[in-house]
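The structure under discussion appears below in the form of structure tokens.
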Amino acid sequence: MTRQHRGNLICWLALVALGLLEFGMSFAPLPHGLRPLLLVPAIVMAVLVALAYMRLLSGPELGRGFAIAGLFWLAILLGLSIMDPLTRAVYAVPPMPPPASK
Amino acid sequence: MKLWLPAAATSAIRIDGLLIGLLAVSFAVLALVFGLMLLYVVRYRHNSPIDRGALSERSFRFEISWTTATLLIFFGLFIWGSRIYVQLFQPPADALKVYVVAKQWMWKVEHAGGQREINALHVPVDTPVELIMTSQDVIHDFFVPAFRVKRDVLPDQYETLWFRADRLGTYHLFCAQFCGTSHSGMIGDVVVMPAKAYADWLTTNGAGDTLADQGKLLFTRYGCAGCHGGHGTVRAPSLDGVYGSPVPLSNGTTIIADDQYIMDSILQPRRDVVASFEPVMPSFSGVIGQDDLVRLVAYIRSLAAEKPQ
Amino acid sequence: MSDEIAPHVHFQYADARHQSDTALAGMWLFLASEVLFFGGLIVAWMFCRHWQPDGFDAGARETVLWIGTINLILLVTSSFVYSTGVAFIEAGDVRRLVQCCLITACIGVLFLGLKFLEWYLDLSEHLFPAGPFKITGGEAGGARLFWSFYFVATGLHAVHMIVGIALVGWVAWQARHRTYSANWYTPVEAVGLYWSFVDIVWIVLYPVIYLVGRT
Amino acid sequence: MSQTMQAPVLPQQMTSYLTDGTSLRSWLLTTDHKRIAVLYMLSITAFFFLGGSAAALIRYNLLVPEGAIQSAETYNRLFTMHGVIMVWFFLVPAVPVTLGNFIVPLMLGARDLAFPKINLLSWYLFMIGGVCALYALFAGGVDTGWTFYAPLSSNYAQGHVVAVVAGIFISGFSTIATGLNFIITIHRLRAPGLTWYRLPVFIWSLYATSVIFVLATPVLAITLLLLTFERLFHVGVFDPRLGGDPLLFQHLFWFYSHPAVYIMILPGLGVVSEIVPVFSRKQLFGYKFVVWSSIAIAVIGFFVWGHHMFVSGQSLFASIAFSLLSFLVAVPSAIKVFNWLGTLHKGRIRFDAPMIYALGFIGLFTTGGLTGLFLAALAADVHLHDTYFVIAHFHYIMVGGMVSAYFAALHYWWPKISGRRYPEMIARASALLMFLGFNLTFFPQFILGYLGMPRRYHAYPPEFQVLNVLSSAGATILAAAYLMPLFYLTYSVFRGPRAPANPWAAIGLEWQTPSPPFTKNFAVTPIVTEGPYAYPDPGSDLADV
């Protein structure tokens, strides 16, 4: 059981625990605003998998650069595109077109 | 050939000012670039014996100066552009409201008093007019070059556009968002009239009748009466009293004949075919528009009301 | 000059380490582009959920939660097994690597099996957005949107899973023919990166599909 | 981490890459970056003249107000075909896949790209995508414009939308593969001593282009996938009637398509930064600023896509934010233009064909960039959006800028690629003819745009006719100017005089191998000791070569 195996095993247990935590959290009644909290365990799991199984830190440093670039561009895509619907004033569609004069 | 576009609205004058400002900046920069290039190309051509000593390699000073200069000019242009843009978004409260419905390849305009016109818009001069626009199928764009205003018209969503015409005359109306085959045919005229002439125009054009009456006309015009009238050659389900009651479908389920079902059956008849009937009805999507659909539904609803429940 | 260059080093590389780091960097760059690919899908999810919150959540409540959860655990386990396999090949143990690859591939197939079962359940309940749809009335629009997002997202993920299983199988096949050893196992690591990435995609998709609609 | 020394190339391996195996198989299954570049060059040229003929028919149609081509349907499919072919099958790949594939390994002192097999796969994906799109365009075409706006493209268009979209989808992977190959090669396969600040600017601009290739194209892939899903199942992702948002399509589409226009122009900026120092016999002015402005354009280019949607119903706040960001992205381009002028200052300028194209590029690119400011200023865009002003703006940058740079690069590296010299005087004549024809074609369109003539119009009001006739006349001159290089360059391959290794006496690793280079590029991996443009000061007497 080399150091590497032990590390993988601990990481696996953490991942399963986080998964179950997330599963449990979904039953707690969260107000609409706090819904994004549900994504936090998922992000932690993703980071764990990247560090332990994808060897982000011990791999080529170019790989780290590209990983960070990918996340930075993802932030641009999500951040700037959500800016529009959040601030758009939409006129509700009246049920009927303009009332005929009679 | 005319190279100059009349400015027929208050917004047009402000946007023209911005365009002239941008033109000035552009010509200045172009003169600088083309001038320097021609100067260097002639002065420092290959075999010219001119002295080329003392090459200043410290480019830092130049770089910073022209970068900050460009940044400042651009920032000024940005502020100027957005100030006018924000005004285009704030129609005055007392603006005259006119509904515009864009459908594939025509503009249907409807004034508050019920007056309807196709591919034309009559507006009084010196009064703010707010257009409340929607589209029935694809994205169109209400563009009046003389007013320098333009707004995309989104399907099933209302967009507003306001202007205050200040010159009489007839101006072009274009559709500026590609919308299919006769996108280039979807044009019209915006007629700016004195207030009194506009009032006269409103009375002479009168007003339409109820939706159900119009639906009845459309029912025959689109040929529905041919099959659903009960005496045609093709066997089709009778529509008397069908509105609101359950309809058995060919796939065994039953569905309530509400507005949505009638609209879907007109646009996609083969989807929910009535039991014991052949799926022969042609699809009318792209043929019957949104407001005609609403009138047909109003007519079919009126048929149910007549039959005693 | 090392005239005897390791058997797998191409002519434009100086040595094996130079080539293996390059290959892994290449895989990381490809995964960055995949992040943007699924990012576009998340933008669609944000837009649709913003415009149709109630209908969207109504649709989300129809998902089969237990299959999703089991699949999450399965994929996380498969990543663990595969990286154990990589640890084994680092020590030169080719036989264990082949076993780990086969286990990973089996978990992958199990994941896909459960996924097809879930799809079958959904389709039988008329949850496919086109055609007769289970939810009608006001929330039909948002529910249709959710389910179209659901089928596109899980469909794309399934395609990536199938490619992943094929790659893991290819690694197992290569390992069985003695191509890998303690000082040459770059393809194993590269496929490991891809496999863990597909696992991360599911880790993100799981709450987005199953949980956010339910609270 | 650059590569160390490798086994030297044996003398008998020194045959030119062109004659190193002449069977069709050796060409179609080659992994040599130079041969793949030649394969790409042939397919790019074919697509260029196909798209160009569609443009010729468009200009023919606009000769008369009611449209010379009777059916509006045919006209709509023509301009869509022109757009799709020119954008995805000529402009986006143009310089990177042809000259980039050929020159990047040579400039780096490497023997080939990092992943040669992926490079060949990239060409095959490009051809499969191209054939798929061409089949659709010829089997009936598509009437949505190259922008495929929903809900027109998803619910109302009758043409072969899914087939064309599939073609573009596949060719997207080809560009991702090329971008990935370049980034990894530039990082990992530089010659010893070739540090980042000793790299030629052409490498830097291709690096910036590849960043956009790799990070923007996937978003196009998902957009086209969603469009196909919507078109097949009508589930309303983009159709508001069923709850979707048509602006979602525009956001996703323009997130790719604006960086895509920087994909198209950045290689051109790199080429001009290579050519101007060589033909002025002088250091590139402000090397670091030019390099970092390429990177800035690539990064900020991802922030600005909203300026395509100022009038399309986007929120006021988002429009203002995108307008500010769009003004910021114009600054690096201005820096580049000023640095080219700085390079011309006190140089020894020669007027060979590449230099004429480059000087033309500087003028036209500046005009195009400045008219971009009109479209970034919010209120001006309200008037000018979707008119011929926009058409003129992006043609000034794409045709005036990018195509001139492509021809400049083609002529500049032609001796290295084909081992032959092209006829100089005819090349200069065709360059000048292209400059004149281009301006006559597109400058009237600025005025048409200001007057309010919308784009994509089959017929137009009579008062615009004279300007349109002028534009169509210019188009015929432009077409002639494009055909000339096709003839004299092909002629030069077979009958042109042999070219020496360094015909322009330029400084650069690619000029240290024979032309045409042999398959392994360098006999011994070169050691780099100085910067890319180490020309002696023009003032000193030894500068006159």
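Quick notes on this structure:
- Qualifying residue in segment D:388-399 (condition: farther than 24 Å from residue B:27 by Cα, part of a helix (DSSP H, G or I) and more than 10 Å from chain B (Cβ to nearest Cβ)): no
- Considering the conditions (1) within 12 Å of another protein chain (Cβ to nearest Cβ); (2) part of a helix (DSSP H, G or I); (3) not aromatic (Phe, Trp, Tyr), residue C:123 is excluded by exactly one of them, (1).
- Applying the criterion of being facing chain D (nearest Cβ under 10 Å) and in contact with a Gly (Cβ under 6 Å, 6 or more places away or on another chain) to the residues of segment C:37-75, the residue that is nearest to residue C:150 (Cα to Cα) is C:56.
- All positions within segment D:458-475 that are without any contact (Cβ under 8 Å) to a residue 24 or more places away in the chain and either more than 10 Å from every other protein chain (Cβ to nearest Cβ) or closer than 24 Å to residue D:74 by Cβ (or both): D:467
- Residue in segment D:226-239 that is in contact with a Ser or Thr (Cβ under 6 Å, 6 or more places away or on another chain) and closer than 19 Å to residue A:65 by Cα present: no
- Flag for residue D:478 being buried (at least 16 other Cβ atoms within 10 Å of the Cβ) and either touching a residue at least 60 places away in the same chain (Cβ under 8 Å) or under 19 Å from residue D:429 (Cβ atoms) (or both): yes
- Only residues that are crowded, with 20+ Cβ neighbours inside 10 Å and over 24 Å from residue D:281 (Cα atoms) were counted across segment D:489-514, and they come to 2.
- Of all residues in segment B:114-140 being part of a strand (DSSP E or B) and β-branched (Val, Ile, Thr), the one that is nearest to residue D:242 (Cα to Cα): B:134
- Across segment D:344-364, the qualifying residues are those that are facing another protein chain (nearest Cβ under 7 Å) and in a loop (DSSP other than H, G, I, E, B), and the one among them that is nearest to residue D:403 (Cα to Cα) is D:350.
- Search result, residues across segment D:310-327 that are more than 23 Å from residue B:67 (Cα to Cα) and more than 8 Å from chain A (Cβ to nearest Cβ): D:310, D:311, D:312, D:319
- Which numbered condition residue B:102 fails, given (1) among the small types (Gly, Ala, Ser); (2) surrounded by 13 or more Cβ atoms within 10 Å (Cβ to Cβ); (3) not assigned by TED's automatic domain parsing to the domain that holds residue B:124: (3)
- Candidates in segment C:136-147 are the residues that are modelled with pLDDT under 85, closer than 19 Å to residue B:268 by Cβ and in contact with a helix residue (DSSP H, G or I) (Cβ under 8 Å, 6 or more places away or on another chain); of these, the one that is farthest from the other protein chains (Cβ to nearest Cβ) is C:140.
This table checks each residue for (1) part of a helix (DSSP H, G or I); (2) under 26 Å from the mean Cα position of the chain (by Cα); (3) farther than 23 Å from residue B:136 by Cβ; (4) within 14 Å of chain A (Cβ to nearest Cβ).
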residue	(1), (2), (3), (4)
B:251	no, no, yes, no
B:272	no, no, no, no
B:281	no, no, no, no
B:292	yes, yes, no, yes
B:300	yes, no, no, no
B:304	yes, no, yes, no
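- Helices (runs of 4 or more DSSP H) lying entirely in segment B:189-234 (those with 1 or more residues that are at pLDDT 85 or above, surrounded by 12 or more Cβ atoms within 10 Å (Cβ to Cβ) and small (Gly, Ala, Ser)): B:195-205
- Any chance residue D:215 is assigned to a helix (DSSP H, G or I), within 8 Å of another protein chain (Cβ to nearest Cβ) and crowded, with 24+ Cβ neighbours inside 10 Å: yes
- Of the criteria (1) at pLDDT below 90; (2) in contact with a helix residue (DSSP H, G or I) (Cβ under 8 Å, 6 or more places away or on another chain), which one residue A:9 fails: (1)
- In summary, residue B:143 fulfils each of the numbered conditions (1) at pLDDT 90 or above; (2) in a strand (DSSP E or B); (3) surrounded by fewer than 17 Cβ atoms within 10 Å (Cβ to Cβ) with the single exception of condition (3).
- Restricting D:63, D:57, D:42 to residues that are assigned to a helix (DSSP H, G or I), surrounded by fewer than 20 Cβ atoms within 10 Å (Cβ to Cβ) and in contact (Cβ under 8 Å) with a residue 12 or more places away in the chain narrows the list to D:57.
- Residue in segment D:225-240 that is more than 7 Å from chain C (Cβ to nearest Cβ), touching a strand residue (DSSP E or B) at 6+ places or on another chain (Cβ under 9 Å) and assigned to a helix (DSSP H, G or I) present: yes
- Any hit, segment D:169-179, residues being more than 14 Å from chain C (Cβ to nearest Cβ) and within 30 Å of residue D:79 (Cα to Cα): yes
- Among the residues of segment D:18-33, some residue qualifies, meaning at least one is of a type outside the set (Phe, Trp, Tyr), in contact with a strand residue (DSSP E or B) (Cβ under 9 Å, 6 or more places away or on another chain), in contact (Cβ under 8 Å) with a residue 60 or more places away in the chain and outside any helix (DSSP H, G or I).
- Flag: residue C:28 matches the condition of being within 8 Å of chain A (Cβ to nearest Cβ) and either surrounded by fewer than 17 Cβ atoms within 10 Å (Cβ to Cβ) or in contact with a Gly (Cβ under 9 Å, 6 or more places away or on another chain) (or both).
- Of all the criteria given as (1) surrounded by 23 or more Cβ atoms within 10 Å (Cβ to Cβ); (2) farther than 28 Å from residue B:45 by Cα; (3) not small (Gly, Ala, Ser), the one not satisfied by residue D:285 is (2).
- Residue check: residue B:68 meets all listed conditions (1) part of a helix (DSSP H, G or I); (2) more than 7 Å from chain D (Cβ to nearest Cβ); (3) within 36 Å of the chain's Cα centre (by Cα); (4) hydroxyl-bearing (Ser, Thr, Tyr) but one, namely (3).
- Residues satisfying the stated conditions in segment B:146-160, i.e. within 9 Å of chain D (Cβ to nearest Cβ) and assigned to a strand (DSSP E or B): B:149, B:150, B:151, B:152, B:153, B:155, B:159
- Residue in segment D:313-324 that is closer than 27 Å to residue D:271 by Cβ, surrounded by fewer than 22 Cβ atoms within 10 Å (Cβ to Cβ) and either in contact (Cβ under 8 Å) with a residue 24 or more places away in the chain or among the hydroxyl-bearing types (Ser, Thr, Tyr) (or both) present: no
- Candidates D:77, D:111: the one that is part of a helix (DSSP H, G or I) and charged (D, E, K, R) is D:77.
The values are calculated or read from the model by the stated rules, or taken from the named source; none is laboratory data. What you see is a predicted model, and the numbers here were worked out from it, not measured in a lab. Cβ coordinates were reconstructed from backbone atoms using ideal geometry, including for glycine residues, and neighbour counts include every protein chain displayed.
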